[in-house]
Amino acid sequence: MRTGYDLELVHLTKRYGDTVAVRNLNHVFAPGSYVCLLGPSGCGKSSTLRMIAGHEDVSEGSILLDGHDVSALPPAQRGTAMMFQNYALFPHLSVRDNVAFSLRMKGTDKPTRHKRADEMLALVDMSHLADRLPDQLSGGQQQRVALARALVTEPKVLLLDEPLSALDPFLRIRMRTELKKLQRELGITFIHVTHGQDEALALADKIVVMNDAVIEQAGPAREVWATPSTEFVARFIGGHNVIALPGGKATVRADAIRFAGDDTRDGTAATIVAVEYQGASVAVTSRTDAGEDVLALLPEQEFFAAPKSPGDAVRLSWDDRSLHRLRA
Ligand code: ADP
């Protein structure tokens, strides 16, 4: 099976009445990559995903898969498959029949569709529960079934709408490791919608940050994190402070902020307002005399070598090489 197909959005726009949910998106999803569409609630992520899947009409523009315009095709003929947030399993069908369902709709004979369903269940480690009904499964197990059901159609691109949001935090971290592994094994493009920056950073080769119906920044996960192009991206992706400089704004990484000693007049005077222990690091928020909050992330050993408490006066400093200028 050939893997790795280009998916391209060209001037893609979605309107619901007067609301513009997606405004003129232009983007090429690289073949065989794990891409996260990241942004706050209401920014247009799901509308974009649903248009790619064919569950929502395109208002303007087109969607090209492997060079072919698929924007007018019904979902089953596009070469995409979607895994929904609530998994949408049929309650009265066994796990195996849920996975085989789309093949049944296509008229595939029963031995073949059961064989294919069993292969997919093996892929997601669910062979032993093939005869159960969905309500006899845990959330994580239901999610695996939903994945198998999406993959049985051999999609060129798998679309995942907030796939981990229904899971508890422990399971979420385990499942994201498995999603990533599955994507590598299959070699197809996964497009995963999330509003969680940690999830996007953990999973994505490429992150597409959306804000207010447009793409604000797109690039490799590390590039988006380390060099956010706008204040919105810097604040949304986290781990940065946004500071005003003459002629514009810049970010300073929270892990680059240090506390100068009492014996110095260097740095910026501030008062500690919050200390949050996070395990490997401690998050310390200070308010400068100008009223700006500055977050510092200190390795826990460094913090406890000279602990600080709310109310303490400090002087903040950072290496100017850690400054990153933002686009106006
Ligand atoms: P996200 O997935 O980022 O939360 P959505 O794509 O769901 O964003 O929504 C984008 C915008 O479109 C929001 O303003 C939302 O209220 C609006 N919207 C989404 N679906 C519909 C719909 N079916 N009818 C009208 N407005 C909608």
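The values are calculated or read from the model by the stated rules, or taken from the named source; none is laboratory data. If you're wondering where the values come from, they're calculated on a predicted model, not measured in any experiment. Don't worry about glycine lacking a Cβ; one is built from the backbone with ideal geometry, like all the others, and counts go over all protein chains shown.
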Filter result for D293 (of a type outside the set (A, V, I, L, M, F, W, C), in contact with a Ser or Thr (Cβ under 9 Å, 6 or more places away or on another chain) and either closer than 28 Å to L201 by Cα or buried (at least 18 other Cβ atoms within 10 Å of the Cβ) (or both)): yes
State whether the residues of the range 103-115 include one that is touching a helix residue (DSSP H, G or I) at 6+ places or on another chain (Cβ under 7 Å) and surrounded by fewer than 17 Cβ atoms within 10 Å (Cβ to Cβ). yes
Which numbered condition N24 fails, given (1) at positive phi; (2) assigned to a loop (DSSP other than H, G, I, E, B): (2)
Residue under evaluation F84, criteria (1) aromatic (F, W, Y); (2) more than 16 Å from the ligand (Cβ to nearest atom); (3) closer than 22 Å to T194 by Cβ, criterion not met: (2)
Being of a type in the set (D, E, K, R) and more than 18 Å from D320 (Cβ to Cβ) is the filter here; which residues of the range 242-296 pass it? D262, D263, E276, R287, D289, D293
Out of (1) farther than 13 Å from W318 by Cβ; (2) in contact with a Leu (Cβ under 8 Å, 6 or more places away or on another chain); (3) at pLDDT 95 or above; (4) not aromatic (F, W, Y), the one S286 does not meet is (1)
V35 versus (1) away from the ligand (no atom under 16 Å from the Cβ); (2) in contact with a Phe, Trp or Tyr (Cβ under 6 Å, 6 or more places away or on another chain): which is the lone unmet condition? (1)
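Here's the yes/no breakdown for (1) closer than 29 Å to A117 by Cβ; (2) charged (D, E, K, R); (3) within 16 Å of the ligand (Cβ to nearest atom):
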{"site": "L12", "(1), (2), (3)": "no, no, yes"}
{"site": "R15", "(1), (2), (3)": "no, yes, yes"}
{"site": "R23", "(1), (2), (3)": "no, yes, yes"}
{"site": "S46", "(1), (2), (3)": "yes, no, yes"}
{"site": "K106", "(1), (2), (3)": "yes, yes, no"}
I'd like the residue in the range 56-71 that is part of a loop (DSSP other than H, G, I, E, B) and modelled with pLDDT of 95 or more and, out of all such residues, is nearest to the ligand (Cβ to nearest atom). E56
Within the range 211-239, the count of residues that are under 17 Å from H27 (Cβ atoms) and within 11 Å of the chain's Cα centre (by Cα) comes to 1
Output the residues belonging to the range 24-47 that are buried (at least 18 other Cβ atoms within 10 Å of the Cβ) and more than 19 Å from K206 (Cβ to Cβ). S47
Report the residue count in the range 171-210 for those that are among the acidic types (D, E) and under 23 Å from T227 (Cβ atoms). 3
Residues to consider are A166, A130; find the one that is in contact with a helix residue (DSSP H, G or I) (Cβ under 6 Å, 6 or more places away or on another chain), within 16 Å of the ligand (Cβ to nearest atom) and over 19 Å from A30 (Cα atoms). A166
Output yes when any residue across the range 187-196 is buried (at least 20 other Cβ atoms within 10 Å of the Cβ) and more than 27 Å from L147 (Cα to Cα), and no when none is. no
For the list (1) at pLDDT below 95; (2) within 26 Å of the chain's Cα centre (by Cα); (3) of a type outside the set (V, I, T), I need the number of the one condition that Y277 fails. (1)
Got a number for residues in the range 72-87 being assigned to a helix (DSSP H, G or I) and either of a type in the set (A, V, I, L, M) or under 18 Å from V28 (Cα atoms) (or both)? 1
Counted residues, the range 279-328 - those being in contact with a strand residue (DSSP E or B) (Cβ under 6 Å, 6 or more places away or on another chain), among the basic types (K, R) and in contact (Cβ under 8 Å) with a residue 24 or more places away in the chain: 3
State yes or no: is R50 surrounded by 16 or more Cβ atoms within 10 Å (Cβ to Cβ), more than 14 Å from the ligand (Cβ to nearest atom) and either among the hydroxyl-bearing types (S, T, Y) or assigned to a helix (DSSP H, G or I) (or both)? no
Going by the structure shown, is E185 within 30 Å of V22 (Cβ to Cβ), over 10 Å from the mean Cα position of the chain (by Cα) and either of a type outside the set (F, W, Y) or at pLDDT 95 or above (or both)? no
